[in-house]
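Student: This is the structure, below, for whatever I ask next.
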Amino acid sequence: MLGAMLQAQGFNPAMQEYINTLKAQAKQENPNFKDFSSSEGEKIFKLKNQGKNGEMISCQSCHGVDLKQGHTNAFTGKAIPALAPSANPTRLTEVKEVKKWLKRNFKDVFLREGSAQEKGDVLYYLIKQ
Ligand code: HEC
């Protein structure tokens, strides 16, 4: 319980509300659901899959290995500012943006929308970066 509270510490109230919604959904998907896991989120973030253009890509293909630095979009070549909230405080602050990009980016890499569990895991990982 304490661990869960510490992990969620970095979210602003609107984002915490979104996390709570994801938790409720995750519980519906799996009655044994307890909490999200940043280590599972890290695995998802690093996992390579045959993505949108038939290439093996991961979240890191566009966001880089060091999330405190910007990276280049693997598809468009455009610059993407750092994803780590510690380096880029605007990150994970706007629920609308987060929802939109999680949906789109999961489809880029995994060719499907992430489950509530997967989205929550990834957000627990990213908020600590
Ligand atoms: C094809 C390139 C690409 C891939 C692959 C990709 N992203 Fe992104 N991501 C973007 C772009 C472009 C944006 C929007 C521009 C920006 O925010 O800098 C973005 C934004 C985001 C945001 C919004 C952050 C915020 O609050 O502003 C999150 C969260 C995110 N990505 C997570 C992920 C996750 C998780 C994965 C893997 C499932 C992933 N991304 C894979 C390109 C990518």
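The values are calculated or read from the model by the stated rules, or taken from the named source; none is laboratory data. Keep in mind that this is a model prediction, so the values were computed, not measured. Here the Cβ is made from the backbone with ideal geometry for all residues, glycine too, and neighbour counts use every protein chain on show.
Student: Which ones in region 113-129 are more than 10 Å from the ligand (Cβ to nearest atom) and touching a helix residue (DSSP H, G or I) at 6+ places or on another chain (Cβ under 7 Å)?
Tutor: 113, 115, 116, 117, 120, 124, 128
Student: Considering 75, 106, 45, which residue is modelled with pLDDT under 95, near the ligand (Cβ under 7 Å from one of its atoms) and surrounded by 13 or more Cβ atoms within 10 Å (Cβ to Cβ)?
Tutor: 75
Student: Go through (1) surrounded by 13 or more Cβ atoms within 10 Å (Cβ to Cβ); (2) more than 8 Å from the ligand (Cβ to nearest atom); (3) of a type in the set (Val, Ile, Thr) and name the single condition residue 65 misses.
Tutor: All conditions are met except number (1).
Student: How many residues does region 78-100 contain that are touching a residue at least 24 places away in the same chain (Cβ under 8 Å), of a type in the set (Val, Ile, Thr) and near the ligand (Cβ under 7 Å from one of its atoms)?
Tutor: Count: 2.
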